[in-house]
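Notes for the one structure printed next.
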Amino acid sequence: MIATQPVASVETCVGGDAHVSVSAPGPVAQTYRWERELEGGTWQPLAAGMMPAVGTVSGEHTPALSISNAGSTTQVRCVITTACGSVTTSTTDILVSPCEPACDADLNADGNVDQGDVDYIIGVVAGSENPTNIDPDFNRDGNADQGDIDALINVVAGGTCP
């Protein structure tokens with residue numbers, strides 16, 4: 001019996017980390033074997049260490065699987081075995097995609113993210129010179145406008161990059 005199935009999907013960036021776990025109650029000794037689906041619907045046990053097209057695997061014989069340095073999208077499941085037999089969990093899609101690099105809010109290239117960067121983007125949006133050649137579309141909406149200034153102010157105040 002499986003108490004907690006793994007989540008349906010986990011998203012990460014290429015080179016990122018993915019974690020999936022299951023739980024199976026009971027006083028009986030249990031073994032765990034995580035597997036990935038290959039083309040054609042066959043399943044391959046995951047092995048510790050670097051697996052091409054998967055990433056670096058750990059926890060392949062525990063309730064918690066970790067994949068670091070994820071390489072590509074894959075589907076995994078866990079086979080839990082006791083003296084009474086085996087049960088297979090539902091599958092988890094580990095979705096790996098390219099991710100945008102973190103934004104660089106140091107627009108004036110002085111080593112600090114502060115009011116100077118806000119002043120710089122205001123000037124560039126208004127048509128002043130742009131000696132650091134920043135893209136004034138800071139929020140990536142296709143326009144260099146007040147929205148970019150507001151997004152940068154949010155980052156300077158400790159918010160997340162757009």
Q: Among the residues of region 71-86, count how many are at pLDDT below 95, open to solvent by 50 Å² or more (accessible area, probe 1.4 Å) and assigned to a strand (DSSP E or B).
A: 1
(Q) Would you confirm, using the coordinates I've provided, whether residue 143 is free of Cβ contacts under 8 Å to residues at least 12 places away in the same chain, part of a helix (DSSP H, G or I) and open to solvent by 60 Å² or more (accessible area, probe 1.4 Å)? (A) no
**Q.** Given (1) open to solvent by 80 Å² or more (accessible area, probe 1.4 Å); (2) β-branched (Val, Ile, Thr); (3) in contact (Cβ under 8 Å) with a residue 60 or more places away in the chain, index of the condition residue 31 fails
**A.** (3)
Q. In region 1-12, how many residues are in a strand (DSSP E or B), loosely packed, with under 15 Cβ neighbours inside 10 Å and in contact (Cβ under 8 Å) with a residue 24 or more places away in the chain?
A. 2
Q.
For region 51-59, check the following and say yes or no: at least one residue is in a loop (DSSP other than H, G, I, E, B) and in contact (Cβ under 8 Å) with a residue 60 or more places away in the chain.
A. no
(Q) Just the residues that are open to solvent by 70 Å² or more (accessible area, probe 1.4 Å) and under 25 Å from the mean Cα position of the chain (by Cα), please, taken from region 34-44. (A) 39
Q.
Name the single residue that is nearest to residue 155 (Cα to Cα) among those in region 114-138 being among the aliphatic types (A, V, I, L, M) and open to solvent by 70 Å² or more (accessible area, probe 1.4 Å).
A. 122
Q: Confirm whether residue 92 is at negative phi, of a type in the set (S, T, N, Q) and surrounded by fewer than 17 Cβ atoms within 10 Å (Cβ to Cβ).
A: no
Q. Across region 146-162, what is the total count of residues that are at pLDDT below 90 and loosely packed, with under 15 Cβ neighbours inside 10 Å?
A. 3
Q | Test: residue 106 is of a type in the set (D, E, K, R), touching a residue at least 40 places away in the same chain (Cβ under 8 Å) and open to solvent by less than 70 Å² (accessible area, probe 1.4 Å) | A | no
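The values are calculated or read from the model by the stated rules, or taken from the named source; none is laboratory data. In this text the structure is predicted, and so the values were computed from the model without any measurement. Cβ sites come from the backbone with ideal geometry, for glycine too, and all protein chains shown count toward neighbours. Calculation scope for accessible area: heavy atoms of the full protein, side chains included, ligands and nucleic acids excluded. Shrake-Rupley method; radii C 1.70, N 1.55, O 1.52, S 1.80 Å.
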